[in-house]
Amino acid sequence: MINANKAKKELAEKFGLDTERISVPRARRVFLEVPYAQFRQVLEHVVNGLKFRHLCTITGLDEGESLAFIYHVAHADGTVISLETRVPKAAPVLQTITDIFPDGVSYERELVDLLGARVEGLPAGNRYPLPEGWPDGQYPLRKDWKVGMLDGVK
Amino acid sequence: MANIKIPIGPQHPALKEPESFSITLNGETIISMDMRLGYNHRGIEKACEERTYIQAMYLVERVCGICSHSHSTCFIQAVEEIAGLAVPPRALYIRTIVSELERMHSHLLWLGVAGHEIGFDTLLMYSWRDREVVMDTLAALTGNRVNYGINTFGGVRRDISKEQLDGLLKTMDVLEERTKYYIEVASQEMTLIKRLSGVGYLSHEDAVKLGAVGPTGRASNVDADVRRDDPYLAYKDIEFKVITDTHNDVFGRTLVRVGELMQSYSMIRQLVAKIPEGPVTVKAPRKMPAGEALSRYEAPRGEDVHYVKANGTDKAERVKIRAPTLANLQSVAKMMENNRLADVPIIIAAIDPCFSCTDRMVQIKHADHGRQETLSWQALHAQSLEWYRKQGVDFADLNAKMSRRMKI
Amino acid sequence: MILSLFNLLIFPGFLFLSLFGLAMEFVDRKLYARMQNRIGPPWFQPFADFIKLAAKEEIIPEEADPVMFRLMPVFALTAVVTAFFYIPLWGTHSLFAFNGDLIVVIYLLTLPTLAFFLAGWHSTSLFAMIGATRTLTQLFAYEVPLFMAVLAPALLAGTWSLSEMTVFYQVHPAYAGFNIIGFIVALIAIQGKLERVPFDIPEAETEIVGGTFTEYSGRLLAMFRMAIDIEAVVCASLVAAVFLPFGFGLGPAWGFVIYVFKVLIIIALLALLRTVLARLRIEQMTIFCWKVVAPAALLQLLINLILSGVL
């Protein structure tokens, strides 16, 4: 049985992460922040090493200068690790994680449509959730986006 | 016959909500399927950022008409965690009771829809009649048939009286008896079994790989249930079994849901027996301190996930909602393989899709409010009877007859 | 001449049949509703539906063949009404009778199904075409058992005329009891012919919207609906005449009452079938018909062959 504190300790030791940046606010919840360069490595270890096999969802946040992405991965015992990473808003490029979690497709498409992230390696398919013909460059979940910005745009 | 492509949706009698499935057929056999989602996107997540917490709570409750309590509780849990609110135990019990009642009405609804999709309308009529009992109970407890509005930050808005709890136990007896009858029907009616068995096959490996949640996953023997794995509300105080099944098909999903109904009845009995006395609410601040929380909740359709980030004001920085249907939709394409056109509706229905949950909202326009009037539930009920009587249909006799027959 | 016209158009012809068909639709819907714990429609609902539908605008798809599209409802309606005249109803003799009219009646009852097929096919809409092919596939599955089931009593009676058959069973009422398997087979086949649950595969609304009738609206759809209602009555009358040949000698008034009663029983049985069953898939339906229903009909034929030698 893995628990939140054990996961925290193991991740901190293995990847040399600052324990200040790993928080365990309550039982079965771990929030940690990793630089994007290290993200893939940490995620793979969380999934394969620590056996967190269920992707709850991916949350995208607009933080002004950068876009943050939180990957919530759950263990069968109820523990959820929220892995946060960020990329600059000017070049918001992510690698897809659909090779690890095939069900991540819709969550990544949401990031593309609503936050304007570019996800490399995302399988081709219909866009989601915005309609065909939605104007380019309009990303509703960005903080500077207002409904009025749709006026007069074809 | 050459391959033909037939559209199921965005408008189609089998779909209660607009989504588009384009199915390529060879004769009656499905070759491939293409999905287009997003017709119900209303931008709720964005709207939540522009509203105060209490406004957002009511908005989140309206993400879905069926699992409204799921979304509002899931959201509220996250916010309460950020604010560090200690919710009184009695309030947690009341939330749990409503949550299990919601599961009942959702599963009974599903049973009816499943019956309708395979042309078995009798099952639809019977299970929806019984669902009505749950809806009336919910209306009596919370004041509403859907979008109960019982939650508030720090507790619940209404207490449940002793009489209501006793009534609840009686209702459970009626429902349990009816559900046993459905189990009998489901295990004996040949055309039903023929139409459900082997349809929409999803192997255990695929279910894990594609992240199937809720009854969809459990019917493929994925032993996961947030209520047990990540206990919230009052679930750690009561005993229940997580129903799993190894049929891996629509029949299995039916058995899981019917089995969960039986568990829910027993849960309600335990909750009624154990409900502590005390206040039902504590005062909550208007501005929530900065922080973040992830909340999980076992909605009738599976795991519901809400992430809330607070920034110290009275409005949330970010609210992320992941409804169970979005997690299950990835499995649908897999389930369609090697099936026939006739099975499309039931396969889609078998994950109990809720597309408005999946797509959520963008923009709300306030309609002009008409005449404001406060009506009690009884008055509203009487008014509906009166309206139908004017149309020449008298439900009063029938209602009386039905309640006698069902001994409520 | 005038009597013939009266017979054709008023009683027991077109007008009576339409009203009787609508009344039976009401009985069917009401029973279906009551068995499902619903209130069901008031008695005039089918009439109201018909009038309302007939008053609606009819839309013909641009790509559809307008002649065929308009012709098919009339064709289906005519075929079922014609079939009715050859069936003995409340007397031992039908309005028109000749040796071999049994075959003609069954043939005439196949025509509406063909009309449904052609109507769906010429609608050129995807759902209608899938419905049309399903109609035809289903036809091949139930038609042969129906034929065999209806021919078996004729074999026993030694005649191909429906009127002579009823005379025969009037003389030997006990012989009708031998045809019980045929009766059940005929009920199942008729359920298929009328495209009702569990055989409503050609118009399964949750799969292919309206099936064959997807593109139909207004008067043309009303005519199709009427044809189906009348078809139900005609099929029930045929089954009543062949398998329930009782009460013909009591004069026209009692004969009529008994006839209506027999039709009611058959309609009630059909309503019961559609209440308790779920819709089958097309391949399950054909397998069921060929592996269960057709052998049962064959068995009935065999029994009657042996009986006609022995008796």
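If you go through segment B:290-307 one residue at a time, how many are of a type in the set (A, V, I, L, M, F, W, C) and either away from chain A (no Cβ under 11 Å) or over 13 Å from B:Gln77 (Cα atoms) (or both)?
Step one: of segment B:290-307, the residues of a type in the set (A, V, I, L, M, F, W, C) are B:290, B:293-294, B:299, B:305.
If we keep only those that are either away from chain A (no Cβ under 11 Å) or over 13 Å from B:Gln77 (Cα atoms) (or both) too, we end up with B:290, B:299.
Qualifying residue count for the region: 2.
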> Could you list, in sequence order, the residues of segment B:253-262 that are farther than 11 Å from B:Ala186 by Cβ and either crowded, with 19+ Cβ neighbours inside 10 Å or within 15 Å of the chain's Cα centre (by Cα) (or both)?
Replying inline: B:Arg253, B:Val256, B:Glu260, B:Leu261
> Quick one: B:Glu81 ticks every box in (1) touching a strand residue (DSSP E or B) at 6+ places or on another chain (Cβ under 8 Å); (2) more than 14 Å from chain A (Cβ to nearest Cβ); (3) open to solvent by 40 Å² or more (accessible area, probe 1.4 Å) bar one, so which box is it?
Replying inline: (2)
> Residue check, B:Ala139 against (1) surrounded by 17 or more Cβ atoms within 10 Å (Cβ to Cβ); (2) at negative phi, all met but one. Which one?
Replying inline: (1)
> Going by the conditions given, is B:Ile243 among the aliphatic types (A, V, I, L, M), surrounded by fewer than 20 Cβ atoms within 10 Å (Cβ to Cβ) and within 21 Å of the chain's Cα centre (by Cα)?
Replying inline: yes
> Here are some residues: B:Arg90, B:Arg36. Which one is over 30 Å from B:Val185 (Cβ atoms), within 14 Å of chain A (Cβ to nearest Cβ) and basic (Lys, Arg)?
Replying inline: B:Arg36
> Among the residues of segment C:253-273, is there at least one that is within 14 Å of another protein chain (Cβ to nearest Cβ), under 13 Å from C:Ile188 (Cβ atoms) and open to solvent by 20 Å² or more (accessible area, probe 1.4 Å)?
Replying inline: yes
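To keep it simple, each residue is scored yes or no on (1) outside the structural domain of B:Val63 (by TED's automatic domain parsing); (2) more than 30 Å from A:Phe101 (Cα to Cα); (3) in a helix (DSSP H, G or I).
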{"position": "B:His247", "(1), (2), (3)": "no, no, no"}
{"position": "B:Pro276", "(1), (2), (3)": "no, yes, no"}
{"position": "B:Pro285", "(1), (2), (3)": "no, yes, no"}
{"position": "B:Pro289", "(1), (2), (3)": "no, yes, no"}
{"position": "B:Glu292", "(1), (2), (3)": "no, no, no"}
{"position": "B:Tyr297", "(1), (2), (3)": "no, no, no"}
{"position": "B:Lys320", "(1), (2), (3)": "no, no, no"}
{"position": "B:Leu329", "(1), (2), (3)": "no, no, yes"}
> For the subset of segment A:89-130 comprising residues that are open to solvent by 50 Å² or more (accessible area, probe 1.4 Å) and among the basic types (Lys, Arg), which member is farthest from the chain's Cα centre (by Cα)?
Replying inline: A:Arg127
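For segment C:277-289: of the residues being under 19 Å from C:Thr206 (Cβ atoms) and either more than 7 Å from every other protein chain (Cβ to nearest Cβ) or open to solvent by 30 Å² or more (accessible area, probe 1.4 Å) (or both), which is farthest from the chain's Cα centre (by Cα)?
C:Glu283
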>> Cβ-Cβ distance below 8 Å, separation of 6 or more or different chains: which pairs start in segment B:1-22 with a residue that is outside the structural domain of B:Cys64 (by TED's automatic domain parsing) and assigned to a strand (DSSP E or B) and end on one that is charged (D, E, K, R) and crowded, with 17+ Cβ neighbours inside 10 Å?
In response: B:Ser20/B:Arg36; B:Phe21/B:Arg36; B:Ser22/B:Arg36
> Considering segment A:50-62 alone, what residues qualify as being outside any strand (DSSP E or B) and touching a residue at least 24 places away in the same chain (Cβ under 8 Å)?
Replying inline: A:Leu50, A:Lys51, A:Phe52
>> I want to confirm something. Restricting to segment C:93-113 and keeping residues that are open to solvent by 20 Å² or more (accessible area, probe 1.4 Å) and in contact with a Pro (Cβ under 9 Å, 6 or more places away or on another chain), which single residue is nearest to C:Phe248 (Cα to Cα)?
In response: C:Leu95
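So how many residues does segment C:193-218 have that are outside any loop (DSSP other than H, G, I, E, B) and either open to solvent by 20 Å² or more (accessible area, probe 1.4 Å) or within 14 Å of chain B (Cβ to nearest Cβ) (or both)?
We begin by selecting, within segment C:193-218, every residue outside any loop (DSSP other than H, G, I, E, B); these are C:193, C:201-203, C:205-208, C:211-213, C:218.
Still in the running and either open to solvent by 20 Å² or more (accessible area, probe 1.4 Å) or within 14 Å of chain B (Cβ to nearest Cβ) (or both): C:201-203, C:205-208, C:211, C:213.
Within segment C:193-218, residues that are outside any loop (DSSP other than H, G, I, E, B) and either open to solvent by 20 Å² or more (accessible area, probe 1.4 Å) or within 14 Å of chain B (Cβ to nearest Cβ) (or both) number 9.
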>> Go through (1) over 28 Å from A:Gln138 (Cα atoms); (2) more than 14 Å from chain B (Cβ to nearest Cβ); (3) assigned to a strand (DSSP E or B) for A:Leu32 and report which single condition fails.
In response: (2)
> Taking into account only those residues within segment A:74-107 that are more than 8 Å from chain B (Cβ to nearest Cβ) and among the acidic types (Asp, Glu), which is farthest from A:Ile22 (Cα to Cα)?
Replying inline: A:Asp99
>> within 14 Å of chain A (Cβ to nearest Cβ) and over 18 Å from B:Thr325 (Cα atoms): is that true of B:Val272 in this structure?
In response: no
>> List pairs: first residue in segment A:123-136 and facing chain B (nearest Cβ under 9 Å), second residue in a loop (DSSP other than H, G, I, E, B) anywhere in the structure, Cβ distance under 6 angstrom, at least six positions apart or on different chains.
In response: A:Tyr128/B:Leu37; A:Tyr128/B:Gly38; A:Pro129/B:Gly38; A:Pro129/B:His41
>> Step by step: first the residues of segment B:312-335, then only those that are within 26 Å of B:Ile23 (Cβ to Cβ) and touching a helix residue (DSSP H, G or I) at 6+ places or on another chain (Cβ under 6 Å), then the one that is surrounded by the fewest Cβ atoms within 10 Å (Cβ to Cβ). Which residue is that?
In response: B:Lys334
>> If B:Cys74 satisfies all but one of (1) surrounded by fewer than 22 Cβ atoms within 10 Å (Cβ to Cβ); (2) at pLDDT 85 or above; (3) hydrophobic (A, V, I, L, M, F, W, C), what's the number of the condition it fails?
In response: (1)
>> Go through segment B:1-58 and report how many residues are crowded, with 21+ Cβ neighbours inside 10 Å and among the polar types (S, T, N, Q).
In response: 0
>> Just the residues that are touching a residue at least 40 places away in the same chain (Cβ under 8 Å) and farther than 18 Å from B:Thr171 by Cα, please, taken from segment B:123-145.
In response: B:Leu123
>> Name the residue that is farthest from the other protein chains (Cβ to nearest Cβ), counting only residues in segment B:192-205 that are open to solvent by less than 30 Å² (accessible area, probe 1.4 Å) and in a helix (DSSP H, G or I).
In response: B:Leu196
> Can you pull out the residues in segment A:63-88 that are open to solvent by less than 10 Å² (accessible area, probe 1.4 Å) and not in a strand (DSSP E or B)?
Replying inline: A:Gly78, A:Thr79
> Would you pick out the residues in segment B:182-191 that are open to solvent by less than 70 Å² (accessible area, probe 1.4 Å) and either under 11 Å from B:Asn248 (Cβ atoms) or facing another protein chain (nearest Cβ under 9 Å) (or both)?
Replying inline: B:Glu189, B:Thr191
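The values are calculated or read from the model by the stated rules, or taken from the named source; none is laboratory data. These figures come from a predicted structure and were not determined experimentally. Note: ideal-geometry Cβ built from the backbone for every residue, glycine included; neighbour counts use all protein chains shown. Ligands, DNA and RNA are excluded from the accessible area calculation, which covers all protein heavy atoms including side chains. Shrake-Rupley method; radii C 1.70, N 1.55, O 1.52, S 1.80 Å.
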